[in-house]
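Take a look at the structure set out below.
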Amino acid sequence: MEELMITTNDKFGSINVKKLSERQAIQELKRLAKVISIHNINYYKYSNPKISDSEYDALWNRNKLIEERFPHLIQKDSPSLTVGSGVSDDFKKVKHIEPMLSLSNIFDENGLNEFITQVNKLLDLNNNEIIEIVTEPKIDGISASILYENGELILGSTRGNGFEGEDITENIKVVNGVPKKLNLNDIPEILEIRGEVYMKHDDFARLNKVQKKNGKQTYANPRNSAAGSLRQLNPDITAKRNLHFFAYTWGTSSNYFNSTLWEARHKIEQLGFVLNQPSKLCRNVNEILNYYNEIVEKRSSLDFDIDGVVYKLNRIDWQKKIGLRTRSPRWAVAHKLPAEKGVTVVDTIDIQVGRTGSLTPVARLKPINVGGVLITNATLHNFHEIQKKDIREGDTVVVQRAGDVIPQVVEVLFSKRKKNSKKYVFPDKCPDCGSEIISELLSTGEHEKTIRCTGGIVCSSQVLERLNHFVSLNGLNIEGLGEKQIKFFWQKSLIMNFIDIFELEKRNRNKKINISNEPGWGEQSVFNLFKSINKSRNVEMFRLIYALGIRHVGVQTAKLIANYYKNLDFFLDEILSSQDKESESYNNIISIEGIGPKIGDSIIEYFKNDKNLELTKNLLSHLNIKHVSFEGVESKLNNKIFVVTGTLQNMTRSQTKQTLEKMGAKVTSAITSKTDFLIAGSNPGSKLQKAKDINVKILSEKEFLNLLES
Ligand SMILES: [Zn+2]
């Protein structure tokens, strides 16, 4: 799965908004803008949120409060000015004719009263006038827009960032509840229907079961699986996922569609859509609150996830009159639901060892249905968490499912604790390989909360996780080599490291083994496996970097690295030189936008380990790496390595460097056998002799300028 690391400085994050100085407020706004945008990308683009909805809302709220206190400090990239999210690179982009805004949230009755008062004020109504509000459930799925021309479906798109989404026309056609042709004839020539694509609980459970069986990635919740299923490049896969669509309103229409939302919804239903139900036309706050409570009660019996209810002004002329904020309409609001909870028993506490050796305690629960989804595990985060909450095996606990994250243990019901229960003791050795465990000392002087196994490649969990990561979707993407198969080959000592994967076929051919005779394998599946392994040998540079499993290096970071270094050999050379923190190479890597010292150090640390370096170098002989060319333009200087010495008359050093880098070349400080050109200005130093000694081509300034122009 994807990850984007957050490396902002959280110095003022704990200061109350009322106490922030102006200088601190600027820092905080900058930090929040960055953090929120990263969470947006994780949520919208990778369908893989790292924090719960309520944590996300808290960040938003803090940003809002600071901006309210210091309106003159609002940043250009403020989250309040953008609708958030992102667009996948794999689909064609579509501009929405009218933006698909998101809704602002309220959390309680006060929020609702404020909303109604505000509407009253903006419409300039007297207090006796009835404001009709349409209430409907807010489906926790993927917002989509479907465009019809003369009743024919012509375009489907995701919401994306609100202004631009992805073209999912072929995929939306195979979603249940999406008519390819509309039922009525007297409809606008152009009509856009908006709604939510979602996955039912049963289908979600079934899909994860199949994914697991086939050694593929499982989804965290129905929304993620809906997103993943909808954005398949092959619509046949989408069709098999049994997605559904609820329509809730219309967007663009070439002429009049309706004057109230309530009637429009009924018309949309007649067109052949399924509406998000139950909905109600309410005439006062009490009716709205009754509806809310009814939904909270019904929630667990629904076969789909909802994360709130929506209140919208019924009259379209009133909607138009009070209009929009930058990011959300003023005429609608979402009322959040409380997180769903359940009571169950912790059977055992297991320790999972991750790819980077982190030890994560997991509570194995007596299965419990929380809001329609069967929960069997809950994360206990780390040792501190267990200690703080005093969670023990056999305890009765309250678990919470917040929709988008792994279920958590909220509290222990101490009154139900058995008399003979024992305090949980965290192991002092890795439960998997018996190696020492440590917690890293942070720059703040405190120990990291995560405890790690130091076993590295002797730790089977770490090795298996690393192998799984290596072949995963964003890594080498080797189909047919999932968790189950990796474990099988590992147990047979056939795949112990990355290289073994590429030597498997040779060893099979040399009759060192005969895989097709092994249980679960046949001629065809072995043939297919080798085919997909061989296919993976042609690999983009960023995929390989991601696949290595370097700490803090997710896909996004891997792309930054690939785009910067462009060539893997060059990258490795530079990383090795970077071990010297005074070097230009070190300065280069930590100056790459989006990387910085924390990630940079982690990369350097990884290759400092001889085993990792050797393994990576050996890998190169098995792979055909697609390096990055400069902005897709073939430049004859692409990937060429330059060294500059002496003084140039027409350009400064940094101008020279910039010019070369723009053409896809690299500038390094030392002459090595990899250097292609030395540019020698006046008063060249010892580099000139060195270049002559090892036959590096030497260019005078004039020759260099000619080369640039040719
Ligand atoms: Zn271990």
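The values are calculated or read from the model by the stated rules, or taken from the named source; none is laboratory data. Quick caveat, the model's predicted, so the values are computed rather than measured. Cβ sites come from the backbone with ideal geometry, for glycine too, and all protein chains shown count toward neighbours. We work out accessible area using only protein heavy atoms, side chains counted, and drop any ligands, DNA or RNA first. Shrake-Rupley method; radii C 1.70, N 1.55, O 1.52, S 1.80 Å.
In table form, for the structure just shown:
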{"item": "Residues located in the range 232-255, provided they are over 16 Å from N314 (Cα atoms), modelled with pLDDT under 95 and out of contact with any helix residue (DSSP H, G or I) (no Cβ under 6 Å at 6 or more places or on another chain)", "result": "L233, N234, D236, I237, A239, K240, T252, S253, S254, N255"}
{"item": "Residue count, the range 210-231 (criterion: open to solvent by 40 Å² or more (accessible area, probe 1.4 Å) and part of a loop (DSSP other than H, G, I, E, B))", "result": "6"}
{"item": "Residue ranges of helices (runs of 4 or more DSSP H) in the range 489-559 with at least 1 members open to solvent by 40 Å² or more (accessible area, probe 1.4 Å), modelled with pLDDT under 90 and not hydroxyl-bearing (S, T, Y)", "result": "498-509, 523-535"}
{"item": "Condition check for K416: open to solvent by 40 Å² or more (accessible area, probe 1.4 Å), basic (K, R) and either within 30 Å of I499 (Cα to Cα) or within 14 Å of the ligand (Cβ to nearest atom) (or both)", "result": "no"}
{"item": "Counted residues, the range 660-710 - those being open to solvent by 60 Å² or more (accessible area, probe 1.4 Å) and assigned to a helix (DSSP H, G or I)", "result": "11"}
{"item": "Qualifying positions in the range 478-488 - buried (at least 16 other Cβ atoms within 10 Å of the Cβ) and of a type outside the set (D, E)", "result": "I478, G480, L481, G482, Q485, I486, K487, F488"}
{"item": "Options T444, T450: the member that is more than 8 Å from the ligand (Cβ to nearest atom), outside the structural domain of T348 (by TED's automatic domain parsing) and open to solvent by 80 Å² or more (accessible area, probe 1.4 Å)", "result": "T444"}
{"item": "Those residues of the range 432-485 which are of a type outside the set (A, V, I, L, M), assigned to a helix (DSSP H, G or I) and in contact with a helix residue (DSSP H, G or I) (Cβ under 9 Å, 6 or more places away or on another chain), in sequence order", "result": "G456, S460, Q462, R466, N468, H469, F470, E483, K484, Q485"}
